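Worksheet: one structure, shown below.
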Amino acid sequence: MTRRAGTQETDLVLERAAGLGREFVAGLADRPVGPPVAVETLRRALGGPLRDAGEDPRAVLEALARGADPGLVASAGPRYFGFVTGGALPAALGADWLTSAWDQNAWTYVASPAASVVEETAGRWIVELLGLPPSTSVGFTTGATMAHFAALAAARSAVLARCGYDVEEQGLVGAPEIALFAGEAAHATILAAFQMLGLGRGRVRRVAADDAGRMRPDSLRQALAEVRGPAIVCAQAGEVNTGCFDPLDEIAPLCRERGAWLHVDGAFGLWAAASPTLRHLVRGVDGADSWTVDGHKWLNVPYDSGYVLVRDGAALRAALNVGAPYYPDPAAERENFHVVPESSRRARGFPTWAALRSLGRHGIAELVERNCALARRMADTLRGADGVNVLNDVVLNQVLVRFESRSADADAFTREVIRRIQADGTCWLGGTTWRGGAAARISISNASTTEADVDRSAAAILACVRAAAGKRA
Ligand SMILES: Cc1ncc(COP(=O)(O)O)c(C=O)c1O
(Lines give C-alpha, C1' and ligand atoms only; values in the text may rest on other atoms or scores of the structure.)
Protein backbone atom coordinates (compact mmCIF):
# COMPACT_ATOMS: atom_id res chain seq x y z
CA MET A 1 0.00 0.00 0.00
CA THR A 2 1.41 3.40 -0.91
CA ARG A 3 1.33 5.84 1.93
CA ARG A 4 0.08 9.35 1.38
CA ALA A 5 2.31 12.30 2.09
CA GLY A 6 1.85 13.35 5.68
CA THR A 7 0.96 9.85 6.89
CA GLN A 8 4.25 9.47 8.67
CA GLU A 9 3.69 12.75 10.48
CA THR A 10 0.21 11.60 11.54
CA ASP A 11 1.74 8.34 12.81
CA LEU A 12 4.17 10.26 14.97
CA VAL A 13 1.46 12.52 16.35
CA LEU A 14 -0.78 9.56 17.21
CA GLU A 15 2.09 7.68 18.80
CA ARG A 16 2.90 10.68 20.98
CA ALA A 17 -0.78 11.14 21.86
CA ALA A 18 -1.00 7.47 22.84
CA GLY A 19 2.17 7.83 24.92
CA LEU A 20 0.90 10.90 26.74
CA GLY A 21 -2.48 9.23 27.31
CA ARG A 22 -0.80 6.08 28.64
CA GLU A 23 1.36 8.09 31.04
CA PHE A 24 -1.67 9.88 32.44
CA VAL A 25 -3.72 6.71 32.85
CA ALA A 26 -0.79 4.85 34.45
CA GLY A 27 -0.37 7.63 37.01
CA LEU A 28 -4.07 8.05 37.81
CA ALA A 29 -4.11 6.06 41.03
CA ASP A 30 -1.13 7.97 42.43
CA ARG A 31 -2.05 11.51 41.42
CA PRO A 32 -3.40 13.76 44.14
CA VAL A 33 -7.13 13.75 43.53
CA GLY A 34 -8.34 17.25 42.64
CA PRO A 35 -4.99 19.08 42.86
CA PRO A 36 -5.25 22.69 43.96
CA VAL A 37 -4.26 24.78 40.95
CA ALA A 38 -4.64 28.51 40.47
CA VAL A 39 -6.67 29.35 37.40
CA GLU A 40 -4.04 31.95 36.51
CA THR A 41 -1.43 29.19 36.19
CA LEU A 42 -3.62 27.46 33.63
CA ARG A 43 -4.41 30.69 31.82
CA ARG A 44 -0.71 31.49 31.57
CA ALA A 45 0.04 28.08 30.07
CA LEU A 46 -3.01 27.66 27.85
CA GLY A 47 -4.35 31.17 27.29
CA GLY A 48 -3.07 34.19 25.38
CA PRO A 49 -3.91 35.28 21.85
CA LEU A 50 -4.14 32.83 18.95
CA ARG A 51 -0.89 33.00 17.03
CA ASP A 52 -0.92 33.92 13.35
CA ALA A 53 1.25 31.02 12.31
CA GLY A 54 0.32 27.40 12.86
CA GLU A 55 2.59 25.07 14.82
CA ASP A 56 4.00 21.60 14.51
CA PRO A 57 1.26 19.11 15.62
CA ARG A 58 3.55 17.26 18.03
CA ALA A 59 4.69 20.50 19.63
CA VAL A 60 1.03 21.46 19.99
CA LEU A 61 0.27 18.18 21.77
CA GLU A 62 3.25 18.60 24.08
CA ALA A 63 2.16 22.14 24.93
CA LEU A 64 -1.41 21.00 25.59
CA ALA A 65 -0.34 18.11 27.81
CA ARG A 66 2.16 20.23 29.75
CA GLY A 67 -0.20 23.16 30.16
CA ALA A 68 -3.27 21.09 31.08
CA ASP A 69 -1.54 18.69 33.47
CA PRO A 70 -1.80 20.73 36.70
CA GLY A 71 -5.48 21.33 35.96
CA LEU A 72 -6.40 17.71 35.25
CA VAL A 73 -8.49 16.08 37.94
CA ALA A 74 -7.96 12.39 38.68
CA SER A 75 -11.72 11.92 38.41
CA ALA A 76 -11.26 8.69 36.48
CA GLY A 77 -9.10 7.37 39.31
CA PRO A 78 -10.06 5.03 42.13
CA ARG A 79 -10.45 7.56 44.96
CA TYR A 80 -12.62 10.15 43.28
CA PHE A 81 -15.99 10.01 45.02
CA GLY A 82 -17.41 13.33 43.82
CA PHE A 83 -20.76 13.78 42.06
CA VAL A 84 -21.45 10.37 40.48
CA THR A 85 -18.32 9.74 38.46
CA GLY A 86 -17.25 6.57 36.74
CA GLY A 87 -13.81 5.77 35.39
CA ALA A 88 -12.98 4.33 32.00
CA LEU A 89 -12.79 0.57 31.46
CA PRO A 90 -9.73 -0.32 29.34
CA ALA A 91 -11.85 -1.68 26.46
CA ALA A 92 -14.11 1.37 26.53
CA LEU A 93 -11.16 3.76 26.59
CA GLY A 94 -9.47 1.93 23.72
CA ALA A 95 -12.71 1.99 21.73
CA ASP A 96 -13.03 5.70 22.48
CA TRP A 97 -9.58 6.33 21.00
CA LEU A 98 -10.59 4.31 17.94
CA THR A 99 -13.79 6.36 17.70
CA SER A 100 -11.66 9.47 17.25
CA ALA A 101 -9.34 7.76 14.80
CA TRP A 102 -12.30 6.49 12.74
CA ASP A 103 -14.00 9.90 12.94
CA GLN A 104 -17.40 8.54 11.93
CA ASN A 105 -20.49 10.68 11.78
CA ALA A 106 -23.01 8.50 13.57
CA TRP A 107 -26.14 10.37 12.57
CA THR A 108 -27.29 8.06 9.80
CA TYR A 109 -26.73 4.52 8.59
CA VAL A 110 -25.30 5.61 5.28
CA ALA A 111 -22.68 7.88 6.91
CA SER A 112 -21.50 5.01 9.11
CA PRO A 113 -23.13 1.60 8.82
CA ALA A 114 -20.82 0.33 11.59
CA ALA A 115 -21.84 3.07 14.03
CA SER A 116 -25.50 2.38 13.33
CA VAL A 117 -25.29 -1.36 13.84
CA VAL A 118 -23.16 -0.97 16.97
CA GLU A 119 -25.67 1.44 18.56
CA GLU A 120 -28.56 -0.80 17.58
CA THR A 121 -26.78 -3.79 19.14
CA ALA A 122 -25.50 -2.10 22.30
CA GLY A 123 -28.93 -0.50 22.76
CA ARG A 124 -30.57 -3.92 22.65
CA TRP A 125 -28.04 -5.28 25.17
CA ILE A 126 -28.83 -2.40 27.56
CA VAL A 127 -32.59 -3.01 27.24
CA GLU A 128 -32.06 -6.70 28.04
CA LEU A 129 -29.70 -6.01 30.94
CA LEU A 130 -32.16 -3.59 32.52
CA GLY A 131 -35.16 -5.87 32.00
CA LEU A 132 -37.08 -3.29 29.93
CA PRO A 133 -39.70 -4.09 27.27
CA PRO A 134 -37.91 -5.67 24.26
CA SER A 135 -39.38 -3.18 21.78
CA THR A 136 -37.82 -0.18 23.63
CA SER A 137 -36.04 2.32 21.36
CA VAL A 138 -32.59 3.51 22.48
CA GLY A 139 -30.67 6.66 21.61
CA PHE A 140 -27.08 7.49 22.54
CA THR A 141 -26.88 10.95 24.08
CA THR A 142 -24.21 13.09 25.72
CA GLY A 143 -25.57 12.20 29.15
CA ALA A 144 -28.64 11.97 31.33
CA THR A 145 -29.63 15.59 30.83
CA MET A 146 -30.07 15.21 27.08
CA ALA A 147 -31.60 11.77 27.59
CA HIS A 148 -34.24 13.39 29.83
CA PHE A 149 -34.75 16.04 27.19
CA ALA A 150 -35.33 13.45 24.46
CA ALA A 151 -37.54 11.22 26.64
CA LEU A 152 -39.65 14.12 27.87
CA ALA A 153 -39.95 15.47 24.32
CA ALA A 154 -41.41 12.07 23.42
CA ALA A 155 -43.69 12.28 26.47
CA ARG A 156 -44.86 15.76 25.51
CA SER A 157 -45.54 14.61 21.96
CA ALA A 158 -47.44 11.48 23.01
CA VAL A 159 -49.65 12.95 25.74
CA LEU A 160 -50.63 15.89 23.49
CA ALA A 161 -51.22 13.60 20.49
CA ARG A 162 -53.71 11.70 22.67
CA CYS A 163 -55.64 15.01 22.94
CA GLY A 164 -55.51 15.39 19.15
CA TYR A 165 -52.79 18.05 19.35
CA ASP A 166 -49.63 17.94 17.21
CA VAL A 167 -47.02 19.81 19.24
CA GLU A 168 -44.23 19.30 16.71
CA GLU A 169 -46.25 21.08 14.05
CA GLN A 170 -48.15 23.61 16.13
CA GLY A 171 -45.79 24.36 18.99
CA LEU A 172 -46.84 24.94 22.57
CA VAL A 173 -48.78 28.16 22.09
CA GLY A 174 -52.41 27.13 22.38
CA ALA A 175 -51.57 23.55 23.42
CA PRO A 176 -53.60 21.82 26.13
CA GLU A 177 -51.90 22.23 29.49
CA ILE A 178 -49.82 19.24 30.59
CA ALA A 179 -49.72 18.56 34.34
CA LEU A 180 -46.12 17.82 35.36
CA PHE A 181 -45.09 15.87 38.46
CA ALA A 182 -41.72 15.07 40.02
CA GLY A 183 -40.70 13.92 43.47
CA GLU A 184 -39.42 16.42 46.02
CA ALA A 185 -35.97 14.88 45.64
CA ALA A 186 -35.98 14.75 41.83
CA HIS A 187 -32.68 15.59 40.18
CA ALA A 188 -32.22 19.16 38.93
CA THR A 189 -31.80 17.93 35.35
CA ILE A 190 -35.45 16.80 35.24
CA LEU A 191 -36.43 20.40 35.85
CA ALA A 192 -33.84 21.50 33.28
CA ALA A 193 -35.43 19.25 30.65
CA PHE A 194 -38.89 20.72 31.32
CA GLN A 195 -37.34 24.17 31.19
CA MET A 196 -35.73 23.51 27.79
CA LEU A 197 -38.90 21.92 26.42
CA GLY A 198 -40.92 25.05 27.10
CA LEU A 199 -43.04 23.30 29.70
CA GLY A 200 -41.67 25.42 32.52
CA ARG A 201 -39.76 24.10 35.49
CA GLY A 202 -41.86 26.30 37.78
CA ARG A 203 -44.98 24.40 36.71
CA VAL A 204 -43.72 21.08 38.02
CA ARG A 205 -45.79 19.90 40.97
CA ARG A 206 -43.44 18.45 43.57
CA VAL A 207 -44.70 15.23 45.12
CA ALA A 208 -43.82 14.66 48.79
CA ALA A 209 -40.95 12.30 49.55
CA ASP A 210 -40.08 10.32 52.66
CA ASP A 211 -36.99 10.91 54.79
CA ALA A 212 -34.74 9.03 52.37
CA GLY A 213 -36.03 11.00 49.38
CA ARG A 214 -38.43 8.37 47.98
CA MET A 215 -41.56 9.68 46.30
CA ARG A 216 -44.64 8.84 48.35
CA PRO A 217 -47.22 6.97 46.26
CA ASP A 218 -50.11 8.21 48.43
CA SER A 219 -49.07 11.79 47.70
CA LEU A 220 -48.77 11.04 44.00
CA ARG A 221 -52.22 9.45 43.94
CA GLN A 222 -53.67 12.54 45.55
CA ALA A 223 -51.77 14.93 43.28
CA LEU A 224 -52.87 13.07 40.15
CA ALA A 225 -56.50 13.16 41.31
CA GLU A 226 -56.33 16.96 41.53
CA VAL A 227 -55.71 17.54 37.81
CA ARG A 228 -57.39 16.73 34.53
CA GLY A 229 -55.95 16.30 31.05
CA PRO A 230 -52.51 15.14 29.91
CA ALA A 231 -49.93 14.39 32.58
CA ILE A 232 -46.26 13.45 32.86
CA VAL A 233 -44.75 11.96 36.04
CA CYS A 234 -41.01 11.75 36.69
CA ALA A 235 -39.83 9.17 39.20
CA GLN A 236 -36.25 8.16 39.96
CA ALA A 237 -34.15 5.10 40.46
CA GLY A 238 -31.19 6.26 42.53
CA GLU A 239 -31.46 9.54 44.42
CA VAL A 240 -28.25 11.49 43.99
CA ASN A 241 -27.55 11.88 47.74
CA THR A 242 -28.91 8.72 49.34
CA GLY A 243 -29.08 6.33 46.36
CA CYS A 244 -32.64 5.40 47.32
CA PHE A 245 -35.30 4.30 44.84
CA ASP A 246 -38.83 5.57 44.34
CA PRO A 247 -41.30 2.68 44.76
CA LEU A 248 -41.78 2.13 41.04
CA ASP A 249 -44.01 -0.91 41.54
CA GLU A 250 -46.55 1.36 43.24
CA ILE A 251 -46.01 4.43 41.07
CA ALA A 252 -46.27 2.74 37.66
CA PRO A 253 -49.83 1.37 38.19
CA LEU A 254 -51.00 4.80 39.41
CA CYS A 255 -49.67 6.41 36.23
CA ARG A 256 -51.15 3.70 34.05
CA GLU A 257 -54.62 4.06 35.64
CA ARG A 258 -54.50 7.82 35.14
CA GLY A 259 -53.06 7.64 31.59
CA ALA A 260 -50.02 9.64 32.70
CA TRP A 261 -46.64 9.15 31.01
CA LEU A 262 -44.08 7.81 33.50
CA HIS A 263 -40.42 8.71 33.03
CA VAL A 264 -37.73 7.18 35.25
CA ASP A 265 -34.46 9.00 35.92
CA GLY A 266 -32.06 6.13 36.51
CA ALA A 267 -28.89 8.01 35.58
CA PHE A 268 -26.82 5.71 37.75
CA GLY A 269 -29.30 3.68 39.82
CA LEU A 270 -30.93 1.89 36.91
CA TRP A 271 -27.82 -0.28 36.66
CA ALA A 272 -29.08 -2.01 39.83
CA ALA A 273 -31.43 -3.82 37.44
CA ALA A 274 -28.41 -5.58 35.94
CA SER A 275 -27.62 -7.27 39.27
CA PRO A 276 -29.68 -10.27 40.40
CA THR A 277 -29.13 -9.30 44.04
CA LEU A 278 -30.10 -5.63 43.61
CA ARG A 279 -32.81 -5.94 40.97
CA HIS A 280 -35.51 -5.86 43.64
CA LEU A 281 -34.74 -2.15 44.13
CA VAL A 282 -36.21 -1.33 40.71
CA ARG A 283 -39.22 -3.64 40.89
CA GLY A 284 -41.90 -2.25 38.57
CA VAL A 285 -39.42 -0.33 36.40
CA ASP A 286 -40.65 -2.06 33.25
CA GLY A 287 -44.04 -0.41 33.79
CA ALA A 288 -42.67 3.03 32.84
CA ASP A 289 -42.82 4.69 29.42
CA SER A 290 -39.30 6.08 29.28
CA TRP A 291 -36.01 5.83 31.13
CA THR A 292 -32.65 7.56 31.36
CA VAL A 293 -29.38 5.88 32.25
CA ASP A 294 -25.79 6.98 31.84
CA GLY A 295 -22.79 5.10 30.51
CA HIS A 296 -20.28 7.64 31.82
CA LYS A 297 -21.35 7.04 35.38
CA TRP A 298 -21.57 3.45 36.53
CA LEU A 299 -20.81 1.61 33.31
CA ASN A 300 -17.38 3.28 33.32
CA VAL A 301 -17.51 4.47 29.73
CA PRO A 302 -15.43 7.63 29.15
CA TYR A 303 -17.32 10.92 28.74
CA ASP A 304 -19.67 11.50 27.15
CA SER A 305 -22.17 8.70 27.21
CA GLY A 306 -25.86 8.56 28.14
CA TYR A 307 -28.86 6.63 26.89
CA VAL A 308 -32.49 7.55 26.32
CA LEU A 309 -34.87 4.62 26.33
CA VAL A 310 -38.48 4.95 25.20
CA ARG A 311 -41.07 2.19 25.11
CA ASP A 312 -42.97 3.75 22.20
CA GLY A 313 -40.27 4.42 19.63
CA ALA A 314 -42.82 6.18 17.41
CA ALA A 315 -43.27 8.89 20.05
CA LEU A 316 -39.51 9.46 20.28
CA ARG A 317 -39.23 9.61 16.52
CA ALA A 318 -42.18 11.99 16.23
CA ALA A 319 -40.63 14.31 18.81
CA LEU A 320 -37.16 14.43 17.26
CA ASN A 321 -38.19 14.23 13.65
CA VAL A 322 -36.13 16.24 11.14
CA GLY A 323 -36.09 15.92 7.38
CA ALA A 324 -34.53 17.54 4.32
CA PRO A 325 -34.53 16.57 0.65
CA TYR A 326 -30.96 15.26 0.90
CA TYR A 327 -31.62 13.29 4.10
CA PRO A 328 -31.96 9.50 4.07
CA ASP A 329 -35.31 7.86 3.35
CA PRO A 330 -37.72 9.06 6.07
CA ALA A 331 -39.34 5.61 6.10
CA ALA A 332 -36.07 3.90 7.06
CA GLU A 333 -36.59 1.35 9.80
CA ARG A 334 -34.08 2.83 12.23
CA GLU A 335 -31.75 5.79 12.01
CA ASN A 336 -29.67 7.14 14.86
CA PHE A 337 -30.92 10.65 14.20
CA HIS A 338 -34.50 9.49 14.85
CA VAL A 339 -33.74 8.80 18.50
CA VAL A 340 -31.49 11.65 19.72
CA PRO A 341 -31.73 15.44 19.53
CA GLU A 342 -28.65 15.80 17.29
CA SER A 343 -27.87 15.15 13.66
CA SER A 344 -24.07 15.05 13.14
CA ARG A 345 -22.35 13.65 16.19
CA ARG A 346 -19.61 11.46 17.60
CA ALA A 347 -20.07 7.70 17.21
CA ARG A 348 -20.35 7.29 20.94
CA GLY A 349 -21.80 3.80 20.68
CA PHE A 350 -18.40 2.18 20.12
CA PRO A 351 -17.09 2.64 23.70
CA THR A 352 -20.40 1.45 25.14
CA TRP A 353 -20.37 -1.64 22.95
CA ALA A 354 -16.79 -2.34 24.09
CA ALA A 355 -17.64 -1.79 27.78
CA LEU A 356 -20.58 -4.18 27.61
CA ARG A 357 -18.60 -6.83 25.70
CA SER A 358 -15.59 -6.59 28.00
CA LEU A 359 -17.65 -6.98 31.19
CA GLY A 360 -20.39 -9.29 29.98
CA ARG A 361 -23.59 -9.76 31.98
CA HIS A 362 -21.73 -11.17 34.97
CA GLY A 363 -19.07 -8.49 34.96
CA ILE A 364 -21.65 -5.71 34.96
CA ALA A 365 -23.51 -7.25 37.90
CA GLU A 366 -20.22 -7.77 39.70
CA LEU A 367 -19.10 -4.16 39.15
CA VAL A 368 -22.36 -2.80 40.54
CA GLU A 369 -22.36 -5.16 43.53
CA ARG A 370 -18.67 -4.57 44.29
CA ASN A 371 -19.11 -0.77 44.33
CA CYS A 372 -22.13 -1.16 46.65
CA ALA A 373 -20.09 -3.38 49.00
CA LEU A 374 -17.33 -0.73 49.00
CA ALA A 375 -19.89 1.96 49.84
CA ARG A 376 -21.07 -0.15 52.81
CA ARG A 377 -17.44 -0.65 53.88
CA MET A 378 -16.85 3.11 53.76
CA ALA A 379 -20.05 3.77 55.74
CA ASP A 380 -19.19 1.12 58.35
CA THR A 381 -15.70 2.54 58.86
CA LEU A 382 -16.92 6.13 59.16
CA ARG A 383 -19.98 5.33 61.25
CA GLY A 384 -18.03 4.15 64.25
CA ALA A 385 -15.85 7.26 64.43
CA ASP A 386 -16.19 10.28 66.62
CA GLY A 387 -17.75 13.26 64.85
CA VAL A 388 -19.21 11.36 61.90
CA ASN A 389 -22.89 10.80 61.32
CA VAL A 390 -23.84 8.60 58.35
CA LEU A 391 -27.22 9.96 57.30
CA ASN A 392 -28.47 7.34 54.87
CA ASP A 393 -29.27 3.69 54.73
CA VAL A 394 -26.60 2.61 52.23
CA VAL A 395 -28.79 0.70 49.79
CA LEU A 396 -26.59 1.40 46.77
CA ASN A 397 -23.27 3.15 46.11
CA GLN A 398 -23.97 6.48 47.82
CA VAL A 399 -22.91 7.43 51.35
CA LEU A 400 -24.20 10.66 52.85
CA VAL A 401 -22.30 11.99 55.84
CA ARG A 402 -22.53 14.89 58.23
CA PHE A 403 -19.58 15.87 60.39
CA GLU A 404 -20.22 17.08 63.91
CA SER A 405 -18.15 18.61 66.66
CA ARG A 406 -19.09 19.56 70.21
CA SER A 407 -17.66 23.03 69.82
CA ALA A 408 -18.75 24.07 66.31
CA ASP A 409 -21.91 24.50 64.33
CA ALA A 410 -22.42 21.25 62.36
CA ASP A 411 -23.01 22.98 59.02
CA ALA A 412 -19.83 25.04 59.29
CA PHE A 413 -17.89 22.04 60.64
CA THR A 414 -19.08 19.80 57.78
CA ARG A 415 -18.02 22.37 55.19
CA GLU A 416 -14.65 22.78 56.88
CA VAL A 417 -14.03 19.03 56.89
CA ILE A 418 -14.98 18.83 53.20
CA ARG A 419 -12.56 21.67 52.45
CA ARG A 420 -9.77 19.86 54.26
CA ILE A 421 -10.49 16.55 52.49
CA GLN A 422 -10.41 18.26 49.11
CA ALA A 423 -7.16 20.04 49.96
CA ASP A 424 -5.56 16.86 51.31
CA GLY A 425 -5.92 15.16 47.91
CA THR A 426 -6.06 11.53 49.03
CA CYS A 427 -9.64 11.34 47.84
CA TRP A 428 -12.27 13.78 46.62
CA LEU A 429 -15.83 14.20 47.75
CA GLY A 430 -18.28 17.06 47.40
CA GLY A 431 -20.81 18.80 49.57
CA THR A 432 -24.59 19.01 49.43
CA THR A 433 -27.55 20.10 51.47
CA TRP A 434 -29.73 17.37 52.89
CA ARG A 435 -32.90 18.05 54.86
CA GLY A 436 -31.73 21.63 55.40
CA GLY A 437 -28.25 20.78 56.69
CA ALA A 438 -24.78 20.57 55.13
CA ALA A 439 -23.59 17.08 54.25
CA ALA A 440 -20.84 15.33 52.29
CA ARG A 441 -21.58 12.95 49.42
CA ILE A 442 -19.45 9.89 48.74
CA SER A 443 -20.30 8.12 45.52
CA ILE A 444 -18.42 4.93 44.68
CA SER A 445 -18.84 4.33 40.96
CA ASN A 446 -15.40 3.50 39.63
CA ALA A 447 -14.51 -0.02 38.48
CA SER A 448 -10.91 0.36 39.67
CA THR A 449 -11.71 1.30 43.29
CA THR A 450 -10.46 -1.32 45.76
CA GLU A 451 -10.96 -2.01 49.46
CA ALA A 452 -7.50 -0.53 50.03
CA ASP A 453 -8.62 2.70 48.30
CA VAL A 454 -11.67 2.87 50.53
CA ASP A 455 -9.66 2.20 53.71
CA ARG A 456 -7.01 4.76 52.76
CA SER A 457 -9.70 7.33 51.93
CA ALA A 458 -11.65 6.66 55.14
CA ALA A 459 -8.45 7.15 57.13
CA ALA A 460 -7.80 10.47 55.33
CA ILE A 461 -11.38 11.62 55.95
CA LEU A 462 -11.15 10.78 59.65
CA ALA A 463 -7.80 12.55 59.93
CA CYS A 464 -9.47 15.66 58.46
CA VAL A 465 -12.33 15.38 60.96
CA ARG A 466 -9.83 15.21 63.85
CA ALA A 467 -7.76 18.06 62.46
CA ALA A 468 -10.85 20.23 61.97
CA ALA A 469 -11.88 19.52 65.53
CA GLY A 470 -8.52 20.86 66.61
CA LYS A 471 -7.10 17.51 67.63
CA ARG A 472 -3.84 16.23 66.22
CA ALA A 473 -4.21 13.37 63.75
C1 LIG B 1 -30.07 11.00 39.27
C2 LIG B 1 -29.33 11.83 38.26
N3 LIG B 1 -29.98 12.29 37.19
C4 LIG B 1 -29.38 13.04 36.25
C5 LIG B 1 -28.05 13.37 36.36
C6 LIG B 1 -27.40 14.23 35.30
O7 LIG B 1 -26.54 13.44 34.53
P8 LIG B 1 -25.62 14.02 33.37
O9 LIG B 1 -24.59 14.85 34.06
O10 LIG B 1 -25.08 12.79 32.71
O11 LIG B 1 -26.46 14.83 32.45
C12 LIG B 1 -27.33 12.92 37.46
C13 LIG B 1 -25.90 13.27 37.64
O14 LIG B 1 -25.32 13.00 38.65
C15 LIG B 1 -27.98 12.11 38.43
O16 LIG B 1 -27.33 11.62 39.48
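Quick notes on this one:
- Any hit, segment 326-337, residues being more than 18 Å from the chain's Cα centre (by Cα), part of a helix (DSSP H, G or I) and among the aromatic types (F, W, Y): yes
- Conditions (1) at pLDDT below 95; (2) within 16 Å of the ligand (Cβ to nearest atom); number of the one not met by E333: (2)
- The single residue among V159, V233, V173 that is more than 30 Å from L396 (Cβ to Cβ), in contact with a strand residue (DSSP E or B) (Cβ under 6 Å, 6 or more places away or on another chain) and away from the ligand (no atom under 14 Å from the Cβ) turns out to be V159.
- Flag for A111 being under 29 Å from V240 (Cα atoms) and surrounded by fewer than 20 Cβ atoms within 10 Å (Cβ to Cβ): no
- Restricting L396, L400 to those that are in a strand (DSSP E or B) and under 19 Å from A185 (Cβ atoms) reduces the list to L400.
- Test: residue in segment 384-393 that is in contact with a Ser or Thr (Cβ under 9 Å, 6 or more places away or on another chain), in contact (Cβ under 8 Å) with a residue 24 or more places away in the chain and either in a helix (DSSP H, G or I) or small (G, A, S) (or both): yes
- Cβ-Cβ contacts under 9 Å between residues 6 or more apart (or on different chains), taken from a first residue in segment 85-113 that is closer than 18 Å to L356 by Cα to a second residue that is surrounded by fewer than 16 Cβ atoms within 10 Å (Cβ to Cβ) and among the basic types (K, R), are listed as A91/R357.
- Candidate set: segment 176-195, residues that are more than 10 Å from the ligand (Cβ to nearest atom) and in a helix (DSSP H, G or I); chosen: the one farthest from D246 (Cα to Cα): Q195
- Matching residues in segment 449-471 - criterion: being touching a helix residue (DSSP H, G or I) at 6+ places or on another chain (Cβ under 7 Å) and not in a helix (DSSP H, G or I): T449
- Meets criteria (within 16 Å of the ligand (Cβ to nearest atom) and either surrounded by 23 or more Cβ atoms within 10 Å (Cβ to Cβ) or modelled with pLDDT under 95 (or both)) for T141: yes
- Some residue of segment 336-347 being of a type in the set (D, E, K, R) and surrounded by 20 or more Cβ atoms within 10 Å (Cβ to Cβ): yes
- From the options P341, P351, residue that is outside any helix (DSSP H, G or I) and touching a helix residue (DSSP H, G or I) at 6+ places or on another chain (Cβ under 9 Å): P341
- Some residue of segment 113-130 being modelled with pLDDT of 95 or more, farther than 12 Å from F350 by Cα, in contact with a Ser or Thr (Cβ under 7 Å, 6 or more places away or on another chain) and assigned to a loop (DSSP other than H, G, I, E, B): no
- Screening E239 with (1) away from the ligand (no atom under 14 Å from the Cβ); (2) assigned to a loop (DSSP other than H, G, I, E, B) gives one miss only, at (1).
- Of D304, D294, all but one fail to be surrounded by fewer than 19 Cβ atoms within 10 Å (Cβ to Cβ), at pLDDT 95 or above, within 14 Å of the ligand (Cβ to nearest atom) and under 20 Å from A355 (Cβ atoms); the exception is D304.
- Selection over segment 37-52 of residues that are surrounded by 12 or more Cβ atoms within 10 Å (Cβ to Cβ) and part of a loop (DSSP other than H, G, I, E, B) gives a count of 1.
- Hits in segment 406-434 (condition: surrounded by 20 or more Cβ atoms within 10 Å (Cβ to Cβ) and in a loop (DSSP other than H, G, I, E, B)): C427, L429
- Applying a threshold of 7 Å to beta carbon distances and a minimum spacing of six or more residues, or different chains, the list of pairs starting in segment 226-238 at a residue that is free of Cβ contacts under 8 Å to residues at least 40 places away in the same chain and ending at one that is in a loop (DSSP other than H, G, I, E, B) and within 11 Å of the ligand (Cβ to nearest atom) is empty.
- Scanning segment 19-30 for residues that are touching a residue at least 24 places away in the same chain (Cβ under 8 Å) and either over 15 Å from P302 (Cβ atoms) or not small (G, A, S) (or both) yields a count of 5.
- Residue check for E55: more than 16 Å from the ligand (Cβ to nearest atom), of a type in the set (D, E, K, R) and either surrounded by 14 or more Cβ atoms within 10 Å (Cβ to Cβ) or on the phi > 0 side of the Ramachandran plot (or both): no
- Residues that are over 18 Å from the mean Cα position of the chain (by Cα), of a type in the set (G, A, S) and surrounded by 15 or more Cβ atoms within 10 Å (Cβ to Cβ), drawn from segment 179-207: A179, A182, G183
- Filtering segment 391-418 to residues that are among the aliphatic types (A, V, I, L, M) and under 24 Å from the mean Cα position of the chain (by Cα) leaves L391, V394, V395, L396, V399, L400, V401, I418.
- Considering segment 258-310, and only residues there that are assigned to a helix (DSSP H, G or I) and charged (D, E, K, R), the residue that is nearest to R162 (Cα to Cα) turns out to be R258.
- Meets criteria (modelled with pLDDT of 95 or more and of a type in the set (A, V, I, L, M)) for A408: no
The values are calculated or read from the model by the stated rules, or taken from the named source; none is laboratory data. The model shown is predicted, which means the values in this text are computed figures rather than measured ones. So basically every Cβ, Gly included, is an ideal-geometry build from the backbone, and we count neighbours across all protein chains shown.
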